[in-house]
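Here's the structure, in structure tokens; my notes come after.
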Amino acid sequence: MMLNSNWLKERLDQGVREGCFPAAAAAVGVRNHVLASAFAGEAPEPGGTPVDAHTRWDMASLSKVLGTTMVALRAMEEGQLRLEETVGDFFPEAPADKAGITVFQLMTHTGGFEPSFRLDKMLTDPADAVRCILEVPLKQKPGVEPIYSCMGFILLAKMLEKRLGAPLNELADRMVFRPLGMAETGYCPPAGAVCAATEKDPETGKAWTGVVHDENARFLRGISGNAGVFMPLCDGIRFAAMLSRGGKGLLREETLKAATRNYTRGMDEHRGLGFQIAGSPDCFFSPAVPENCFGHTGFTGTSLLVEPESGFWVLLLANRVYPTRESTALFPFRRKLHAEAWRLFHEPLGAEELYHLIQIPEEVRRMFAGWDREDRPFADQDIVCRLLTRAVWAEAEKELEQRIGEDPGHLRLLWEELRIARLQWPKWLQAGIPEEIYRDTYAFATRYLYDGRKAYGRWCFTAGWWFQRHLAMELFRLGSLEFELIPHDEGKRIYIHIPTNASLAPESIDDSLKRLRAFLADFYPEWADAPVYCDSWLMTPVLKELLPPASRILGFQRRFRLLSVNRESMGAVDWVYPGHKGISEDLPEETTLQKKMKPFLLAGGKPGWAEGILVTESEE
């Protein structure tokens with residue numbers, strides 16, 4: 001089982017079948033990288049348009065974090081709000097039991113307010129909401145213990161509006177959504193927006209669609225401190241990425257750390273500033289995730305979980321209240337989803353998953369099956385550690401071969417190295433490197449199997465000495481080309497390697513170089529300015545004598561400034577004529593290069609080897 005979009009899609013489809021929700025959108029990621037995303041069901045209702053990344057969901061109480069909490073934290077950073085300020089500072093008419101309640105107590109749900117009461121049953125004018133909240137007796141004395149309260153957050157939003165001089169929807173748009181590029185998120189979605197339906201109104205029989213489900217927020221014209229935000233998955237991913245990177249792009253790191261601290265440890269609910277913190281009895285996260293996780297839920301079926309140390313997050317958007325709010329099947333489903341995602345985020349890849357991913361031939365898989373069942377590798381932890389260390393990996397690979405002993409075709413060696421590749425899978429996940437790059441990088445093993453069979457007539461693997469670069473996460477295939485990150489005495493260097501199945505078409509090379517820059521920016525920013533080299537027989541000047549000027553190989557050469565040439569090297573022969581030993585009339589002539597090089601070699605020519613450095617745009 002792999003943590004990817006296929007897995008997540010299966011889980012959402014399962015949720016629909018089991019009646020947890022009629023529709024859902026979800027994503028799992030690490031920092032600003034999405035590891036999995038999937039959709040299930042239709043919107044606004046079953047039979048409608050298939051859910052996608054732009055379907056908008058009623059966030060319900062997740063709005064407390066998306067809108068009210070973020071606006072409050074931004075206001076604190078700007079010096080416009082302090083945690084110790086009180087309700088009485090904003091509303092002098094507040095009665096004595098509520099005048100001293102602080103912003104801190106409102107945000108940690110320790111203000112003592114009732115969880116909720118229906119404003120629409122007590123008022124006719126939304127403008128009287130503050131007066132009503134201040135008049136209703138507290139459930140308990142402030143500061144004693146957390147009582148989750150929508151009313152406290154409605155009041156907090158009114159305090160923010162009064163201090164900052166604008167309605168909450170405008171504040172959230174200006175201070176949160178626009179800075180994060182959440183262009184489709186906000187209160188009161190516009191006409192034409194595709195929104196997932198929530199509960200059916202018992203009076204009309206019609207589902208609330210694009211109109212907030214929460215009764216108090218609806219009474220307040222859709223703009224409320226406790227609910228009202230509508231958000232699609234594409235925007236939710238941006239928000240999750242911000243939180244999982246310490247507030248990057250919106251908040252200072254110290255602000256978010258203060259907001260996600262557990263201020264009610266030892267109590268029935270664990271609360272930060274606006275956030276729920278993991279570890280309390282029956283919390284929505286799952287007992288399987290660490291207690292430093294934070295997030296929030298929404299009554300309609302939405303939730304966000306973030307584990308700040310790794311940057312791991314899970315975003316689930318669903319409409320579990322359609323057609324009624326009676327179903328609670330979502331709650332165990334969500335805990336199980338969190339637990340499974342967290343486990344897969346740390347679990348090595350299964351053997352069959354890897355073989356299928358990189359398309360190991362079925363015949364070779366059958367050979368591997370017995371070793372998989374035995375699971376008695378020759379590569380112990382010491383060998384594994386040394387195979388991942390450039391200075392000693394060649395020595396470790398030789399020692400592993402000695403431990404293996406007789407190994408026709410080096411297939412046991414390949415199995416051992418693929419096993420280490422499976423153990424390395426969580427590191428790729430935790431770095432956020434896409435599954436596609438993992439697949440393309442390790443598919444070199446399959447390519448060598450087929451190349452070996454073509455050259456020698458049997459399945460064999462001749463690149464055990466090369467595998468360590470992949471295992472150590474120092475070589476990656478990006479498009480047509482492979483790129484190896486090599487520390488050097490004179491600084492970092494990146495070396496291009498050309499796989500046997502690479503396309504050297506100009507557009508393919510351009511694509512690979514573009515991918516390299518994006519890859520470095522995302523995952524290895526300290527390598528972003530490293531020069532790029534190619535040390536290969538494909539760089540030798542002799543090829544200019546053998547190939548036409550329009551040759552793609554020569555076009556590739558022209559991208560580099562030549563640094564050195566070894567004119568005596570015969571290394572090219574093994575690459576151009578794999579499986580053939582020596583120079584003779586028996587050399588094949590299947591490709592243009594083979595046809596051109598054969599008479600050159602028979603006449604005593606040496607193809608040579610060369611190294612060049614990629615010419616940058618500024619040097620051209």
Point-to-point label distance, T204-A455, nm (Cα→Cβ direction, 7 Å offset): 7.2 nm
Accessible surface of segment 471-581, 1.4 Å probe, proportion on carbon and sulfur as whole %: 50 percent
Dipole moment magnitude, nearest 20 debye, the chain about Cα centre, only Lys, Arg, Asp, Glu C-beta charged: 300 debye
Per residue solvent-accessible surface (Å²) - segment 1-138, probe of 1.4 Å: 38 Å²
Cα radius of gyration and Dmax for segment 321-449 (Å): 19.1, 67
Surface/4 of the Cα convex hull for segment 273-396, nm²: 12.8 nm²
Peptide ranges 318-328, 298-308 listed from the most packed, as the mean C-beta count within 10 angstrom indicates: 298-308, 318-328
Cα-Cα P(r), the chain, percent of pairs per 20 Å interval: 17, 40, 27, 14, 2, 0
Relative intensity, log₁₀ I(q)/I(0), of segment 444-555 from a Debye sum that treats every alpha carbon as a point, q = 0.09, 0.17, 0.18, 0.22 Å⁻¹: -0.29, -0.98, -1.06, -1.29
Cα Rg, Dmax (largest Cα-Cα span) when computed across segment 529-612, Å: 13.2, 47
Extension gain, V392 back to A96 (0.36 nm per residue minus Cα-Cα distance, nm): 99.3 nm
Cα-centred dipole magnitude for segment 253-383, charges only on beta-carbon of K, R (+1) and D, E (-1), debye, nearest 20: 680 debye
Segment Q140-S327, extension gain: residue separation times 0.36 nm, minus the distance between their alpha carbons: 64.3 nm
For segment 125-142 versus segment 254-331, the gap between their alpha-carbon centres in whole angstrom: 27 Å
Set of lysines with alpha-carbon distance to K596 below 22 Å, sequence-local pairs under 8 removed: K454, K544, K581, K606
Computed Kirkwood radius, in angstrom, where 1/r is averaged over Cα pairs of segment 136-253: 16.2 Å
Contact order normalised by residue count of segment 191-274, Cα under 8 Å, 6+ apart, percent: 12 percent
Farthest positive-ward along the chain dipole, Cα basis, beta-carbon charges - from I420, A191, T69: A191
Order of exposure, largest accessible area first, which applies to V176, V34 with probe 1.4 Å: V34, V176
Share of carbon and sulfur in the accessible heavy-atom surface of segment 284-341 [1.4 Å probe, %]: 59 percent
Cα lying deepest toward the dipole's positive end in the chain, options Q140, W575, W313, charges on Cβ: W575
Carbon/sulfur fraction of accessible area - segment 91-211, other protein chains in place, 1.4 Å, %: 53 percent
Full-extension gain in nm, W465 to D13, via 0.36 nm per residue minus C-alpha separation: 158.3 nm
Relative contact order (%) - criterion: Cα under 8 Å, at least six apart; region: the chain: 13 percent
Selection from L471, Y533, L554, by position along the positive dipole direction of segment 454-588 (Cβ): L554
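The values are calculated or read from the model by the stated rules, or taken from the named source; none is laboratory data. Given the structure is predicted, the values throughout are model-derived calculations rather than measurements. Neighbour counts are summed over all protein chains in view; Cβ atoms, including those assigned to glycine, are modelled from backbone coordinates with ideal geometry. Areas reflect the complete protein model, heavy atoms only, side chains present, ligands, DNA and RNA absent. Shrake-Rupley method; radii C 1.70, N 1.55, O 1.52, S 1.80 Å.
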